[in-house]
Amino acid sequence: MNNSTSLITIFISMVIINNLILTKFLGLCPFFGVSKKLSNALSMGAAVTLVMVIASLATSIIYNYILIPYKVEFMNIIIYILVIASLVQIVELTIKRTNLILYNALGIYLPLITTNCAVLGITLINANNNFSVLQSVISGLGGGLGFTLMLLIMSGIRERLELADAPSSMRGLPAAFIVAALLALAFMGFSGLL
Amino acid sequence: MEIEKVKPIKKFWQEFKKGFVITNPVFVLVLGLCPTLAVTSSIDNALGMGIGVIFVLLGSNIIISLIRRFTPPIVRIPVFIVVIASFVTILSLVFEAFIPPLYEALGIYLALIVVNCIILGRAEAFASKNTVFYSIADALGIGMGFTLSLFIVSFLREILGTGKLTVFGLNLFSIPVLSQLPLSFFIMPPGAFLVLGLLLALFRWLGVLKNE
């Protein structure tokens, strides 16, 4: 992909075709950890989407206007992780001050996001593809929404899976992995879309 | 003198074994899943990733254990992250310079070692509380346990997915029918989830892991 890739293409590709969880295996810890209840999944997904969009914006500005002109692209790992960690703190404080209801819904998930590989992953994908600032924001939004979609589907399935009479060694995590395998197989069907 | 000399080495092995088998990061603690699934489509990539993680874990454990007395507890997490990110940067520069094919194959997952929960977890739970000597044991044990897990998953995926076993360009053996009609499902993303899920279930069934 290069600068001529249209925004719609990037968005659709991030949401369903190159879904972060199913094809890139990013953000699996929350995928298997949080996806036991539908309401938690929605809050987590919203928090991740918010952070991804802001992080994509900030890191692509840094990458395009600081790292590339000064030829220090190799420093992106250290800079990105610091930017994301501080952004998460800022977002947490801002939400706490402005909207207490939202804070109660998202609060406990925000600190977990710092070490969520999906957020760092999407900023690195943006950098590897040389996306412009606008393209990065769209890709961040798409990535976040794709992540939320997967979390919702997974939690819906797992709520029912709890009631299933599975052999004891398959219960819980192994069964969740098998479900993820079937989901990934189903979503591979979208790969011819673009 | 003799006893004092033997004791630390014995404890060194205990810490090593603990990380390697008893608290194996992938199969027991279920940590570091992203690389476990993403890079295990071939044995080469899995071993490359394993070596990378051992290097970063060793470096970060040594440095963090050396500076543990001067690190203020409030800012310890940012300090840990900067130390880890520095080692990952060194690693990715070295891989890019000396083994470009592996660097290309691992892609963003090399950089994502930074957010691998295993490394930050060991820094927080072990290196920041123990001496350098035992931190090295812990890093080697956990790192090699992680590499072993990656190897098991990638071994199964490569055998089933390609019907052959190729290590660093050397074709060790190929299975007659399977290599002509490989189950390429297993080297694609869904195969990764399936193999790891079945392995977890198998280890539970064998009684190695506890049921939920």
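The values are calculated or read from the model by the stated rules, or taken from the named source; none is laboratory data. For clarity, every value in this text was computed on a predicted model and none was experimentally measured. Quick reminder, even Gly has a Cβ in these numbers, built from the backbone with ideal geometry, and neighbours come from all protein chains shown.
Of all residues in region B:55-75, those being touching a Ser or Thr at 6+ places or on another chain (Cβ under 7 Å), part of a helix (DSSP H, G or I) and either basic (Lys, Arg) or surrounded by fewer than 20 Cβ atoms within 10 Å (Cβ to Cβ) (or both) number 1.
Scanning region B:120-141 for residues being under 18 Å from residue B:77 (Cβ atoms) and assigned to a helix (DSSP H, G or I) gives a total of 9. For region A:21-50, the set of residues classified as in a helix (DSSP H, G or I) and either closer than 14 Å to residue A:126 by Cβ or of a type in the set (Gly, Ala, Ser) (or both) consists of A:33, A:39, A:41, A:43, A:45, A:46, A:47, listed by residue number. One residue stands out in region A:150-194 among those that are basic (Lys, Arg) and buried (at least 18 other Cβ atoms within 10 Å of the Cβ): the one that is nearest to the other protein chains (Cβ to nearest Cβ), namely A:171. Selection within region B:111-162: residues that are surrounded by fewer than 19 Cβ atoms within 10 Å (Cβ to Cβ) and either without any contact (Cβ under 8 Å) to a residue 24 or more places away in the chain or small (Gly, Ala, Ser) (or both). The member of this set that is farthest from residue A:73 (Cα to Cα) is B:125. Taking every residue in region A:101-112 that is among the basic types (Lys, Arg) and pairing it with any residue that is surrounded by fewer than 17 Cβ atoms within 10 Å (Cβ to Cβ) and modelled with pLDDT of 70 or more, at least 6 positions away or on another chain, yields no pair with a Cβ-Cβ distance below 6 Å.
Of all residues in region B:175-194, those satisfying the criterion of being in contact (Cβ under 8 Å) with a residue 12 or more places away in the chain, within 16 Å of residue B:153 (Cβ to Cβ) and assigned to a helix (DSSP H, G or I) are B:185, B:186, B:187, B:189, B:191, B:192, B:193.
Every condition in (1) buried (at least 19 other Cβ atoms within 10 Å of the Cβ); (2) under 12 Å from the mean Cα position of the chain (by Cα); (3) touching a residue at least 60 places away in the same chain (Cβ under 8 Å) is met by residue B:47 except one, and the failing one is (1). The numbered conditions (1) aliphatic (A, V, I, L, M); (2) touching a strand residue (DSSP E or B) at 6+ places or on another chain (Cβ under 9 Å); (3) part of a helix (DSSP H, G or I) are all true for residue B:148 except (2).
Taking residue A:10 as the residue in question, decide whether it is over 13 Å from the mean Cα position of the chain (by Cα) and buried (at least 19 other Cβ atoms within 10 Å of the Cβ). Quick ask: steps written out before the conclusion?
Values: over 13 Å from the mean Cα position of the chain (by Cα): yes; buried (at least 19 other Cβ atoms within 10 Å of the Cβ): yes.
So residue A:10 fits the description; yes.
Filtering region B:110-134 to residues that are away from chain A (no Cβ under 14 Å) and within 17 Å of residue B:86 (Cβ to Cβ) leaves B:127, B:128. When the test is whether a residue is within 13 Å of chain A (Cβ to nearest Cβ), under 25 Å from residue A:84 (Cβ atoms) and not hydrophobic (A, V, I, L, M, F, W, C), residue B:71 does not pass it.
Where in region B:76-119 are there helices (runs of 4 or more DSSP H), lying wholly inside it, with at least 3 residues that are farther than 14 Å from residue A:124 by Cβ?
Numbers: elements: B:76-98, B:100-106, B:108-111.
Qualifying helices (runs of 4 or more DSSP H): B:76-98, B:100-106.
In the set A:59, A:49, A:23, only one residue is among the β-branched types (Val, Ile, Thr), under 18 Å from residue A:85 (Cα atoms), within 13 Å of chain B (Cβ to nearest Cβ) and out of contact with any Lys or Arg (no Cβ under 8 Å at 6 or more places or on another chain); that residue is A:59.
If you go through region A:29-39 and keep only what is without any contact (Cβ under 8 Å) to a residue 40 or more places away in the chain and within 11 Å of chain B (Cβ to nearest Cβ), you end up with just A:33. Which residue is nearest to residue B:34 (Cα to Cα), if the candidates are limited to region A:103-119 and must be modelled with pLDDT under 75 and surrounded by fewer than 17 Cβ atoms within 10 Å (Cβ to Cβ)? So, considering only residues that are modelled with pLDDT under 75 and surrounded by fewer than 17 Cβ atoms within 10 Å (Cβ to Cβ), the one nearest to residue B:34 (Cα to Cα) is A:112.
Residue-by-condition table, conditions (1) within 14 Å of chain A (Cβ to nearest Cβ); (2) at pLDDT below 90; (3) farther than 22 Å from residue B:125 by Cα:
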| residue | (1), (2), (3) |
| --- | --- |
| B:4 | no, yes, yes |
| B:13 | no, yes, no |
| B:17 | no, yes, no |
| B:29 | yes, yes, no |
| B:36 | yes, yes, no |
| B:39 | yes, yes, yes |
| B:53 | yes, no, no |
| B:60 | yes, no, no |
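Can you tell me which residue is modelled with the lowest pLDDT among those in region B:156-174 that are within 20 Å of residue B:101 (Cβ to Cβ) and assigned to a helix (DSSP H, G or I)? Restricting to residues being within 20 Å of residue B:101 (Cβ to Cβ) and assigned to a helix (DSSP H, G or I), the top hit is B:162.
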